[in-house]
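Presented below is the structure to which this report refers.
Read-outs: derived from the displayed coordinates by stated rules, not from any lab. Every value quoted in this text rests on a predicted model; they were computed, and no experiment measured them. Glycine gets a Cβ as well: all are built from the backbone with ideal geometry, and neighbour counts include every protein chain shown.
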Amino acid sequence: MLDGLDSILVTGETSISALQAGFIDLAGIVRALHGDWTAAAPGYDGWTCRDLLAHLSSSAASLPAVASSVTEPRDPNAPVFDATRWNASQVRRRADKQAQELIDEYDAGTTRLVMVLADLSMDTPVTIGPYAGDSLGEAMAQMLEHQRNHLTDLQAALAG
């Protein structure tokens, strides 16, 4: 298993294979999750464990589009990414989904991301999402670390 953002960076550049392996590793952990999905997710302002899983699955589902954005110009008139608004909308859109559906969504997003990353240059900037303007490698490494941190919190909350 990869141990943080530094293990993703190879001589100042992000390795495609390290990113792919990191996301695949997290998907394996997500698939193994179990517990009381109605339990509170401490530190997440009223979210349950299922809500935190919905956040993770929505992020995984969006990452292939973020990665693919390197092939498109950045819209200079695009509003600044609002993480609070995005998170609330994605959790709300998944309110009727069961945990297994969210786990499946996470897994499918990861599979698509791994395929998309294989065909892209890691130094090209992404044009959408919270890391718009950062290189694809940097953006994906930051998202991997972001997801890893949430997943650690989710595992702790499910463990009680």
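Pairing each residue of segment 24-51 that is without any contact (Cβ under 8 Å) to a residue 12 or more places away in the chain with any residue that is part of a loop (DSSP other than H, G, I, E, B) and not hydrophobic (A, V, I, L, M, F, W, C), provided the two are 6+ apart or on different chains, yields C-beta distances under 7 Å for 48/38. Just one of the listed residues (136, 120, 154, 158) is crowded, with 17+ Cβ neighbours inside 10 Å, among the hydrophobic types (A, V, I, L, M, F, W, C), over 12 Å from residue 63 (Cα atoms) and in contact with a Ser or Thr (Cβ under 8 Å, 6 or more places away or on another chain), namely 120. Here residue 70 clears all of (1) among the aliphatic types (A, V, I, L, M); (2) under 13 Å from the mean Cα position of the chain (by Cα); (3) over 17 Å from residue 41 (Cα atoms) except the condition numbered (2).
From the list 148, 93, 112, the one residue that fits, being loosely packed, with under 15 Cβ neighbours inside 10 Å, of a type in the set (Lys, Arg) and in contact (Cβ under 8 Å) with a residue 24 or more places away in the chain, is 93.
Close contacts from segment 73-89, counting a first residue that is surrounded by 12 or more Cβ atoms within 10 Å (Cβ to Cβ) and a second that is assigned to a helix (DSSP H, G or I), with Cβ to Cβ under 7 Å and a gap of 6+ residues or different chains, come to 87/55.
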